[in-house]
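Engineer: I am attaching a structure below and will ask some questions about it afterwards.
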Amino acid sequence: MQSITLQTPDDWHLHFRDGDMLKETVPATARCFKRAIVMPNLVPPVTDADMANAYAQRILDARPQGSDFTPLMTLYLTNQTTPDTIVKAKQAGVVASKLYPAGATTNSDAAVKGIEALYPVFEEMQKQGMLLLIHGEVTESHVDIFDREKAFIDAHLRKIVDAFPALKVVFEHITTSDAADFVLDASENVAATITPQHLLLNRNDLLVGGVRPHNYCLPVLKRNTHQQALRRVVASGSSKFFLGTDSAPHEKHRKESACGCAGCYSAWSAIELYAQVFEDLDALDKFEGFASHHGPDFYGLPRNEGTITLVRESWSIPDSIVLPNGNPIVPFFAGQTINWKLQTS
Ligand code: DOR
Ligand code: ZN
């Protein structure tokens, strides 16, 4: 096959950041995605309708000329979030709220301690038809980092989906066979996003032959058997799994550091890397469902009009990109050659 044409896809999990950085991140995503679920872990986090509206406007202002890219806004749940916060956010067009267990990842210090305390909020979300997006890792220091996703399923996720059967839950950026199995066995109201890095890499790519900080993200890459399980579920074409890049930029010096940040900046190559995964799996016929159909269908939103086309053409991902503030950032898969390229008119 020499080209792949897809109904225009969306990114169901993305970090744009804020300020100057938007001039870099918004065009990178808008080059191929029509919509993106915008993660709310700014400093301070996006915790109410007014903050979400103001952030959406800053994103819209950073779009390239002529772009019709549309951000889909989310709230960051804290122990201060109330049912009324949810009602107002829903009225303002916020589509989802994100649960970060406190300390789970970048800028999650404000997040939730004691998930049961949020049950009245989940009740209101269920009533309002607002989706719950979950970073599914426990954060207790005695739990090994490679076991934190499974521990979260057992300690919290089963209880949440049992208590709120009509609440739509997205288990974000899943990394294990345990998570894939949980989603497959759960009701039709439970789905998951999967990143390019968790399909392409495993923990050897993080640790063998030296620590590779640009492959460090959270949840951390797992062993090869888990990577294979994720590849199997996307190749199966199950509508419970859809595209969420988790593209999460951090400046080069913050990644290449004694205490490096978690996150892979994949926006400039994500759609091409996913294409490569589906081709390697001999499952290109399942690519459009994953990239363009399963997400909007689950969210209850229309599928996009229009198409994008990827052509078979080798190109190298740059070693580095200069951010609007003059600092370098190393994109995901920097310096590597990939075989698919987005056709731009
Ligand atoms: O690797 C990650 N980076 N995982 C997350 O959950 C957050 C993200 C970020 O915001 O940098
Ligand atoms: Zn994320």
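Engineer: Mind checking which residues of the range 100-131 are in contact with a Gly (Cβ under 8 Å, 6 or more places away or on another chain), at pLDDT below 95 and open to solvent by 10 Å² or more (accessible area, probe 1.4 Å)?
Structural biologist: Within the range 100-131, THR106, ASP109 meet the criteria.
Engineer: Between a first residue in the range 14-35 that is away from ligand 2 (no atom under 15 Å from the Cβ) and a second residue that is modelled with pLDDT under 95, which pairs have beta carbons less than 8 Å apart while being 6 or more apart in sequence or on different chains?
Structural biologist: Final answer for the pair search is ARG31/THR344.
Engineer: State yes or no: is THR105 among the polar types (S, T, N, Q), under 21 Å from ILE37 (Cβ atoms) and assigned to a loop (DSSP other than H, G, I, E, B)?
Structural biologist: The answer is yes for THR105.
Engineer: Can you tell me which residue among SER257, SER239 is hydroxyl-bearing (Ser, Thr, Tyr), within 16 Å of ligand 1 (Cβ to nearest atom), on the phi < 0 side of the Ramachandran plot and touching a residue at least 40 places away in the same chain (Cβ under 8 Å)?
Structural biologist: That would be SER257, the only listed residue that is hydroxyl-bearing (Ser, Thr, Tyr), within 16 Å of ligand 1 (Cβ to nearest atom), on the phi < 0 side of the Ramachandran plot and touching a residue at least 40 places away in the same chain (Cβ under 8 Å).
Rundown of residues vs (1) on the phi < 0 side of the Ramachandran plot; (2) within 16 Å of ligand 2 (Cβ to nearest atom); (3) not aliphatic (A, V, I, L, M), yes/no style:
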| residue | (1), (2), (3) |
| --- | --- |
| THR139 | yes, yes, yes |
| ASP144 | yes, no, yes |
| ASP147 | yes, no, yes |
| VAL161 | yes, no, no |
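Engineer: Return yes when GLN227 is in contact (Cβ under 8 Å) with a residue 24 or more places away in the chain, under 23 Å from THR105 (Cβ atoms), part of a helix (DSSP H, G or I) and open to solvent by 10 Å² or more (accessible area, probe 1.4 Å) and no when it is not.
Structural biologist: It is true that GLN227 is in contact (Cβ under 8 Å) with a residue 24 or more places away in the chain, under 23 Å from THR105 (Cβ atoms), part of a helix (DSSP H, G or I) and open to solvent by 10 Å² or more (accessible area, probe 1.4 Å).
Engineer: Counting just the residues of the range 316-331 that are aliphatic (A, V, I, L, M) and in contact (Cβ under 8 Å) with a residue 40 or more places away in the chain, which one comes out farthest from GLN276 (Cα to Cα)?
Structural biologist: Among residues in the range 316-331 that are aliphatic (A, V, I, L, M) and in contact (Cβ under 8 Å) with a residue 40 or more places away in the chain, the one farthest from GLN276 (Cα to Cα) is LEU323.
Engineer: Quick check: is even one residue across the range 28-47 closer than 19 Å to VAL94 by Cα, surrounded by fewer than 21 Cβ atoms within 10 Å (Cβ to Cβ) and among the small types (Gly, Ala, Ser)?
Structural biologist: no
Engineer: With the range 1-101 as the region, which strands (runs of 3 or more DSSP E) entirely inside it contain at least 2 residues that are under 16 Å from the mean Cα position of the chain (by Cα)?
Structural biologist: 11-14, 35-38, 70-76, 96-99
Engineer: Criterion first (open to solvent by less than 10 Å² (accessible area, probe 1.4 Å) and away from ligand 2 (no atom under 13 Å from the Cβ)) does LEU273 satisfy it?
Structural biologist: It is true that LEU273 is open to solvent by less than 10 Å² (accessible area, probe 1.4 Å) and away from ligand 2 (no atom under 13 Å from the Cβ).
Engineer: Report whether or not MET21 is open to solvent by less than 50 Å² (accessible area, probe 1.4 Å), under 17 Å from LYS98 (Cβ atoms) and within 16 Å of ligand 1 (Cβ to nearest atom).
Structural biologist: Judged against the criteria, MET21 is not a match.
Engineer: May I ask you to say which residue of ILE174, ILE134, ILE145, ILE160 is open to solvent by 40 Å² or more (accessible area, probe 1.4 Å) and modelled with pLDDT of 95 or more?
Structural biologist: Matching residue, one of ILE174, ILE134, ILE145, ILE160: ILE145.
Engineer: Tally the residues that are open to solvent by 30 Å² or more (accessible area, probe 1.4 Å) and outside any loop (DSSP other than H, G, I, E, B), restricting the search to the range 177-223.
Structural biologist: Total meeting the criteria: 11.
The values are calculated or read from the model by the stated rules, or taken from the named source; none is laboratory data. Computed from a prediction, not measured in an experiment: that's the story for all the values here. So basically every Cβ, Gly included, is an ideal-geometry build from the backbone, and we count neighbours across all protein chains shown. Ligands, DNA and RNA are stripped out before the accessible areas are found, and what is left, the full protein with its side chains, is counted by its heavy atoms. Shrake-Rupley method; radii C 1.70, N 1.55, O 1.52, S 1.80 Å.
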